[in-house]
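I have placed the structure first, in the form of structure tokens, so that the comments after it can refer back to it.
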Amino acid sequence: MAGTLASSDAVARAAGPRIIKTLTFMARKPGTTHAEFMRYWLDVHAPMALRVPGMRGMICNEVTLVSTASAHLPGGPRIEIDGIAESWKEETSSLQNPAAPEAAKAWYADGPLFVGQIKGFRVSENVFVPPKRGGDGLIALLKRKPGQSHAQFAKHWLEVHGPMARDVPEVSGLILNEVIAEARRGDIAPLAGFGEIDGIAQSFREDMDAPPSPQRERWYADGKASIGEAIGYRTREHVIIQPS
């Protein structure tokens, strides 16, 4: 028994600290412009992440367009936001950890200075087509169809829909993030209107407006059959810390 426990401990140490990925949707404070929000986010707030111990990745996704409903997928409510923060960090630097490092606490405390409303999600990341980070993309919050469970949605999404993207010539990157839990915080007003979200897709194409290939049409048809609703945002990535 002692030998078994020692082996389990060795495996846990070899695996290293637990990494948490969070996607956070943000709207600027009232009375400020999008340009002012972006300037503070990129020039003041984001660089603070460089001093946070255990920060493994940080990308600031500037929202360039709120995507409207398309023929291949029903659109959800139109919710105006300014940015989507994408972070990977060790659990010890989490907001929920009362013993988080001082640099992490200072970083979190800076958020209310420029963010007016916020909605965060802890996710499990699944990379199907590795993207080159730092370009334009599309981030979509997805809901399951009525009568479907989250487990049923995730099974098809991750085992069928995601792998199909590897055969779509236009797709230069695809990451499917299964939502595990909401990342709540009490110092910034919650961003309302999204409802219950099951997954967050990040897709990349060299030409976002190119006509679809037959493979993409089949991929879209599968999405229409298996996904209930989407709330989409066109984005431009600003890489602060390249994810490792």
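Of all the listed residues (ILE240, ILE175), the sole one being closer than 20 Å to LEU158 by Cβ and among the hydrophobic types (A, V, I, L, M, F, W, C) is ILE175. Sub-6 Å Cβ pairs linking a first residue in segment 38-61 that is of a type in the set (Val, Ile, Thr) to a second residue that is assigned to a strand (DSSP E or B), at least 6 apart or interchain, are ILE59/GLU86; ILE59/GLU237; ILE59/VAL239, ordered by first then second residue. Close contacts from segment 112-129, counting a first residue that is within 21 Å of TRP157 (Cβ to Cβ) and buried (at least 16 other Cβ atoms within 10 Å of the Cβ) and a second that is among the aromatic types (Phe, Trp, Tyr) and modelled with pLDDT under 95, with Cβ to Cβ under 7 Å and a gap of 6+ residues or different chains, come to LYS119/PHE194. When PRO214 is tested against (1) touching a residue at least 24 places away in the same chain (Cβ under 8 Å); (2) farther than 16 Å from ALA225 by Cα, exactly one condition is not met: (1). State whether one or more residues within segment 210-228 are within 15 Å of the chain's Cα centre (by Cα) and crowded, with 16+ Cβ neighbours inside 10 Å. Checking segment 210-228: not a single residue is within 15 Å of the chain's Cα centre (by Cα) and crowded, with 16+ Cβ neighbours inside 10 Å. For segment 164-181, what are the residues that are under 30 Å from GLY111 (Cα atoms) and surrounded by 14 or more Cβ atoms within 10 Å (Cβ to Cβ)? If the condition is that a residue be under 30 Å from GLY111 (Cα atoms) and surrounded by 14 or more Cβ atoms within 10 Å (Cβ to Cβ), then GLY173, LEU174, ILE175, LEU176, ASN177, GLU178, VAL179 are the ones that fit. Within segment 11-34, is there a residue that is within 20 Å of ASP136 (Cβ to Cβ), surrounded by fewer than 18 Cβ atoms within 10 Å (Cβ to Cβ), more than 19 Å from the chain's Cα centre (by Cα) and modelled with pLDDT under 95? No, there is no match, as no residue in segment 11-34 is within 20 Å of ASP136 (Cβ to Cβ), surrounded by fewer than 18 Cβ atoms within 10 Å (Cβ to Cβ), more than 19 Å from the chain's Cα centre (by Cα) and modelled with pLDDT under 95. Among the residues making up segment 47-87, a single one is buried (at least 18 other Cβ atoms within 10 Å of the Cβ), of a type in the set (A, V, I, L, M, F, W, C) and at pLDDT below 90: LEU73.
Filtered by the rule that a residue be touching a residue at least 60 places away in the same chain (Cβ under 8 Å), of a type outside the set (A, V, I, L, M) and surrounded by fewer than 18 Cβ atoms within 10 Å (Cβ to Cβ), segment 133-155 gives ARG133, GLY134, GLY135, ASP136, LYS145, PRO146, GLN148.
Could you list, in sequence order, all residues of segment 204-227 that are within 17 Å of PRO74 (Cα to Cα) and touching a Gly at 6+ places or on another chain (Cβ under 9 Å)? Scanning segment 204-227 gives a single hit, ILE227.
In segment 14-28, the residues that are in a strand (DSSP E or B) reach residues that are surrounded by 13 or more Cβ atoms within 10 Å (Cβ to Cβ) and modelled with pLDDT under 85 with C-beta atoms within less than 8 angstrom, at least six apart or across chains, in these pairs: ILE19/GLU91; ILE20/GLU91; ILE20/SER94.
Annotation note: Cβ proximity below 7 Å between a residue of segment 77-90 that is within 16 Å of GLN117 (Cα to Cα) and free of Cβ contacts under 8 Å to residues at least 40 places away in the same chain and a residue that is among the polar types (S, T, N, Q) and in a loop (DSSP other than H, G, I, E, B) (sequence gap 6+ or interchain) occurs for no pair. MET164 passes every criterion in (1) more than 30 Å from THR33 (Cα to Cα); (2) modelled with pLDDT under 95 apart from (2).
The values are calculated or read from the model by the stated rules, or taken from the named source; none is laboratory data. Everything quoted here is computed from the prediction, not taken from an experiment. Heads up, the Cβs are rebuilt from the backbone with ideal geometry, glycines too, and the neighbour counts pull from every protein chain shown.
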